[in-house]
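Pasting a structure below so you can have a look.
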Amino acid sequence: MHTAPPLAGLRILEMAGIGPGPFCGMMLADHGAEVIRVERPSRGGMTDPARDPLLRSRRTIVLDLKRPEAVAAVRHLAATCDGLIEGYRPGVMERLGLGPDLLLADNPRLVYGRMTGWGQTGPLADEPGHDIDYLAISGTLHALGEAGRKPNAPINLAADFGGGGMMLAFGMLAAILHVKATGEGQVVDAAMTDGSAVLSSMIWGFRAMGQWRDERGTNLLDGGAPFYDTYETADGKWIAVGAIEPQFYAALRGVMALDGSEWDTQFVPSAWPALKQELATRFKARPRDAWVAAFAGHEACIAPVLGFDEAVAHPHNVARGTFVTAGSVVQPAPAPRYSASTTVAPRMAGRTEGAAILAEAGFDADAIAALL
């Protein structure tokens with residue numbers, strides 16, 4: 001029998017932003033934290049809260065932080081919370097009167113999470129940037145792309161979300177555990193440059209062992225190896241091949257009748273271009289789903305490259321409930337799963353709940369009316 005979500009009882013204040021900060025808030029809320037999102041009065045933006053999964057499963061209050069009484073209200077709310085998430089440029093929260101020194105003085109157990117691209121310190125700290133820029137200076141972007149072609153960013157997954165929002169969520173929980181052990185709150189400085197560098201730790205290890213070249217598309221995991229790449233099929237779709245280990249490579253050879261001695265040179269990089277060309281020709285001869293059927297049961301580490309709609313309908317994803325629908329929006333379900341705890345069923349952002357949030361925090365009706 002499942003129990004309450006694992007983060008039930010935690011209270012987080014999220015200063016509204018876009019991208020990695022909201023992703024951190026979503027992750028914490030998905031796993032049971034009460035997350036209160038502080039929005040500024042609407043000036044338009046890139047997102048529709050009722051359709052944005054990043055904003056799911058938390059309550060919202062709208063406050064004009066140009067007004068001293070609104071700033072005071074945020075300080076009051078932060079004093080009741082275990083953590084705060086903000087994603088402004090360095091110094092913005094301090095200028096608002098909501099910097100970590102003040103809020104930690106109000107609440108010494110507070111974990112103050114700061115999400116930026118470059119970090120709170122360093123010569124680029126005050127510069128603007130986006131995921132692709134942070135990925136660029138971490139060295140990670142240089143490794144992404146096809147041989148002989150330009151670096152190619154993986155949408156904004158590696159810096160914004162993997163190296164940013166997920167790292168901040170981890171840092172918040174690590175610091176909250178520290179509070180529980182010591183009573184000492186602190187600032188978590190989550191920089192997407194740092195995080196995207198950490199994500200590439202295995203590749204740095206390969207380099208140290210002489211197993212990774214700086215040239216894109218020439219290595220084991222970057223599309224250089226014929227047995228670890230994507231191939232177009234007869235219907236213009238794609239198949240993903242990940243047959244690294246000997247038994248999987250043998251299965252690949254068996255299904256595709258790769259009998260020549262040249263296929264014995266699996267880990268000889270000089271042989272890879274010719275083998276890749278041969279695989280490309282062979283895969284192009286049949287439709288994608290025909291290849292999927294041919295490889296079924298052979299354990300060759302082969303999978304179809306699915307579009308979003310196809311992914312939602314794939315039997316494995318259906319069986320696991322990998323995608324859910326909330327408020328008519330199809331979206332990924334919370335992950336990971338727990339053996340003893342539930343996660344929170346996603347609910348889309350709706351009307352603001354500022355009056356209830358302030359009343360719970362002890363504000364009287366007149367104060368609430370003035371603030372909202």
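Placing +1 at every Lys and Arg Cβ and -1 at every Asp and Glu Cβ, with all other atoms neutral, what dipole size does the range 228-316 have around its Cα centre, in debye to the nearest 20?
That gives the range 228-316 a dipole magnitude of about 140 debye.
Do any GluC sites (Glu not before Pro) in the range 268-344 lie in a DSSP loop with no more than 15 other beta carbon atoms within 10 Å, and if so, which?
Sites meeting the loop and neighbour criteria: GLU299.
Mean-square fluctuation check for the chain, GNM, Cα pairs under 10 Å: which of PHE161, PHE323, PHE206 is largest?
Of PHE161, PHE323, PHE206, the most mobile in the Gaussian network model is PHE206.
Taking every pair of Cα atoms in the range 228-316, average 1/r, invert it to obtain the Kirkwood radius, and report Rg/Rh to two decimals.
0.97
If you don't mind, there's one more thing I want to ask. How big is the chain on each of its three principal axes, counting only the C-alpha atoms and giving the largest first in Å?
82, 46, 42
If you don't mind, there's one more thing I want to ask. Grab the DSSP H runs of the chain that are 4 residues or longer, score each as -39,500 (n - 2.57), total them, divide by all residues and round the 222 nm result to the nearest 500 deg cm²/dmol.
-10000 deg cm²/dmol
Going highest first, how would you order 21-28, 194-201, 78-85, 344-351 by mean Cβ packing within 10 Å?
21-28, 78-85, 194-201, 344-351
For the chain, set up a Gaussian network in which alpha carbons nearer than 10 Å are linked by springs, and say which option among MET167, MET209, MET15 fluctuates the most.
In this elastic network of the chain, the residue with the biggest mean-square fluctuation among MET167, MET209, MET15 is MET209.
Helix 20-30 sits at what angle to the longest principal axis of the chain, using alpha carbons and giving 0 to 90 degrees rounded to 10?
It is inclined by approximately 80 degrees.
Multiply the residue separation of THR230 and ALA125 by 0.36 nm, subtract the distance between their alpha-carbon atoms, and state the gained length in nm to one decimal.
The span from THR230 to ALA125 would gain 34.0 nm if fully extended.
Relative to the present Cα-Cα distance, how much length would full extension add between LYS180 and ASP106 at 0.36 nm per residue of separation?
That works out to 24.9 nm of additional length.
Would you calculate the separation in nanometres between label points at PHE323 and GLU299, each defined as 7 Å from the Cα along the Cα-to-beta-carbon direction?
Computed distance between label sites PHE323 and GLU299 equals 3.0 nm.
Then there is this: Which lysines have a Cα less than 21 Å from the Cα of LYS237, not counting those fewer than 8 places away in the same chain?
Counting by Cα, and skipping residues close in sequence, LYS237 has these lysines nearby: LYS276, LYS284.
So how far, in whole Å, is the C-alpha centre of the range 298-332 from the one of the range 192-232?
The distance from the Cα centre of the range 298-332 to that of the range 192-232 comes to 26 Å.
Under the Karplus relation 6.51 cos²θ - 1.76 cosθ + 1.60, θ = phi - 60°, what is the ordered set of whole-Hz ³J(HN,Hα) values for the range 11-17, x standing for Gly and Pro?
In residue order, the calculated couplings are 10, 10, 9, 10, 7, 4, x Hz.
Between SER339 and ILE155, what length comes free when the chain is fully extended (0.36 nm per residue of separation minus the Cα-Cα distance, one decimal in nm)?
Length gained, SER339 through ILE155: 63.0 nm.
Laboratory data are not the source of any read-out in this text; all were calculated from the coordinates shown. Here the structure is a predicted model, which is why all the values come from computation and not from measurement. Positions of Cβ are backbone-derived with ideal geometry, glycine not excepted, and every protein chain shown enters the neighbour counts.
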